[in-house]
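The values are calculated or read from the model by the stated rules, or taken from the named source; none is laboratory data. In this text the structure is predicted, and so the values were computed from the model without any measurement. Here the Cβ positions follow ideal geometry from the backbone for every residue, glycine too, while neighbour counts run over all protein chains shown.
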Amino acid sequence: MLHFCQWLEKNSWIIALDSNVPLSLFFEIMHYSGFFLVVGTTVVMDLRVLGLAGVKESPSAIAEQLVPWMWTGLAMATLSGFFMFAADAADFYLAYTFRVKILIVVLAAILGAVVQRRTSRSSEALSVSAGAKVVAFISLILWIGAILASVEVPAISGVG
Amino acid sequence: MLSFFMVIAKWLQSTWWALDISGSTWAYPFVQATHFTGLSLWIGTNLSLDLRLMGVGRKHRTAAELSVATFWWNWLGLLIAITGGFMLFSSAATKYIPNPAFEIKLGIFVPLGIIVHIVNQQMAKSWGATPDTPAIAKFMGLVELLIWFAVITCAVSIPNFDTH
């Protein structure tokens, strides 16, 4: 994996993209916007399942409006994040805080999909099962953990 | 005017909370995470409402329903973002004050974004009463969306203007 990361950061396309200042700025803006979109919409959906937001609407109604933006945000953050990662791939790969961040984001995205499935199955019912609430609570904690892990990458490892 | 703000900035930087944040390895990332958590709630819910007003995405539910459902967490997000942002600013206020990207972000785009958002959130009740939104709603949704992208652009540009 380290060899792949070293090859990636020496790739002429990646070097060209990284040395283009407006494009680097564009990737950074997309990464932050995508991250805010995925975290904001998922957190509101989790809060609805927990009965703490938009209680007059059914969880499936909230999910119907927010889920498309949750996945759009995740796609924006992942794609732009790859280009930000690629320029310093080996340093990121060796930074344990970065690995923790990726692990938390993957787990949070999986739980987001689980919450989405459970809410879409609940039809127009206003209440949800205790199991769905537990999953939503863990999802909420994981996304807050993902934010904390994201800011710890440069703070502890000095990369990014 | 700048010297007046610099006097306040120097005082802020000498407060106990600013010294605690700047003097600790752990405090700064935690405060930054608080700021980002608030921003995620605020920007995430704002963008989803703007896109709904623009008529993008699924149209079975109305923009009015989305606006009501996200209202309290939307504003709580801004409160958290401002609290975290103020603490981050306090820890290095004299560096932020002369930074043009910070000045444009906080002096122009953030107040403008909040005003446009209040208008959109209030008008969503009538503009978004039916699944199809009118042209003015689409236009205002786009305006707010562009303002928040401008805020993020200014925010990520702050380190590029850092002269210290």
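Residues of the stretch A:123-160 that are buried (at least 18 other Cβ atoms within 10 Å of the Cβ), at pLDDT below 90 and among the polar types (S, T, N, Q): A:S150 alone. If you scan the stretch B:62-83, which residues turn out to be in contact with a helix residue (DSSP H, G or I) (Cβ under 7 Å, 6 or more places away or on another chain) and either outside any helix (DSSP H, G or I) or of a type in the set (G, A, S) (or both)? B:A63, B:A64, B:S67, B:A69, B:G77, B:A81, listed by residue number.
Matching residues to (1) touching a residue at least 60 places away in the same chain (Cβ under 8 Å); (2) among the small types (G, A, S); (3) in a loop (DSSP other than H, G, I, E, B); (4) touching a helix residue (DSSP H, G or I) at 6+ places or on another chain (Cβ under 8 Å):
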| site | (1), (2), (3), (4) |
| --- | --- |
| B:P111 | no, no, no, no |
| B:I136 | no, no, no, yes |
| B:L142 | yes, no, no, yes |
| B:L145 | yes, no, no, yes |
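One residue stands out among those in the stretch B:77-118 that are closer than 11 Å to B:H35 by Cα and among the β-branched types (V, I, T): the one that is surrounded by the most Cβ atoms within 10 Å (Cβ to Cβ), which is B:I80. Among the residues of the stretch B:37-64, the ones that are modelled with pLDDT of 90 or more and within 7 Å of chain A (Cβ to nearest Cβ) come to 11 in all. For the stretch B:23-36, taking the residues that are surrounded by 21 or more Cβ atoms within 10 Å (Cβ to Cβ) and more than 7 Å from every other protein chain (Cβ to nearest Cβ), the one that is farthest from A:L74 (Cα to Cα) is identified as B:V31. Of the numbered criteria (1) away from every other protein chain (no Cβ under 13 Å); (2) of a type in the set (K, R); (3) touching a helix residue (DSSP H, G or I) at 6+ places or on another chain (Cβ under 8 Å), the one A:K101 fails is (1). Screening the stretch B:124-164 for residues that are within 14 Å of another protein chain (Cβ to nearest Cβ) and aromatic (F, W, Y) and picking the one that is farthest from the chain's Cα centre (by Cα) gives B:F161.
Here the condition is being closer than 25 Å to B:L53 by Cα and not small (G, A, S); of B:L146, B:L106, it holds for B:L146 alone. Residues that are outside any helix (DSSP H, G or I) and away from chain A (no Cβ under 11 Å) do occur in the stretch B:12-22, at least one of them.
Only one of the numbered conditions (1) over 18 Å from B:L145 (Cβ atoms); (2) out of contact with any Leu (no Cβ under 8 Å at 6 or more places or on another chain); (3) at pLDDT 95 or above; (4) within 14 Å of chain A (Cβ to nearest Cβ) is not met by B:A69, and that is (3).
Go over the candidates B:I80, B:I97 one by one and state the one that is within 14 Å of chain A (Cβ to nearest Cβ), touching a residue at least 24 places away in the same chain (Cβ under 8 Å) and out of contact with any strand residue (DSSP E or B) (no Cβ under 9 Å at 6 or more places or on another chain). Of the residues listed, the single one that is within 14 Å of chain A (Cβ to nearest Cβ), touching a residue at least 24 places away in the same chain (Cβ under 8 Å) and out of contact with any strand residue (DSSP E or B) (no Cβ under 9 Å at 6 or more places or on another chain) is B:I80.
Here the condition is being aromatic (F, W, Y) and more than 14 Å from chain B (Cβ to nearest Cβ); of A:F26, A:F35, A:F82, it holds for A:F82 alone.
Among the residues of the stretch A:54-73, the ones that are facing another protein chain (nearest Cβ under 10 Å) and modelled with pLDDT of 90 or more come to 7 in all.
Which of the following residues is part of a helix (DSSP H, G or I) and of a type outside the set (A, V, I, L, M): B:T25, B:T45? Working first, answer last.
Values: B:T25 fails: part of a helix (DSSP H, G or I).
Just a single option satisfies the conditions, and that option is B:T45.
One line per residue, one yes/no per condition, for (1) hydrophobic (A, V, I, L, M, F, W, C); (2) buried (at least 21 other Cβ atoms within 10 Å of the Cβ); (3) within 12 Å of chain B (Cβ to nearest Cβ); (4) over 16 Å from B:G57 (Cα atoms):
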position	(1), (2), (3), (4)
A:D46	no, yes, yes, yes
A:L52	yes, no, yes, yes
A:A75	yes, no, no, no
A:A89	yes, yes, no, yes
A:A95	yes, no, no, yes
A:L107	yes, no, no, yes
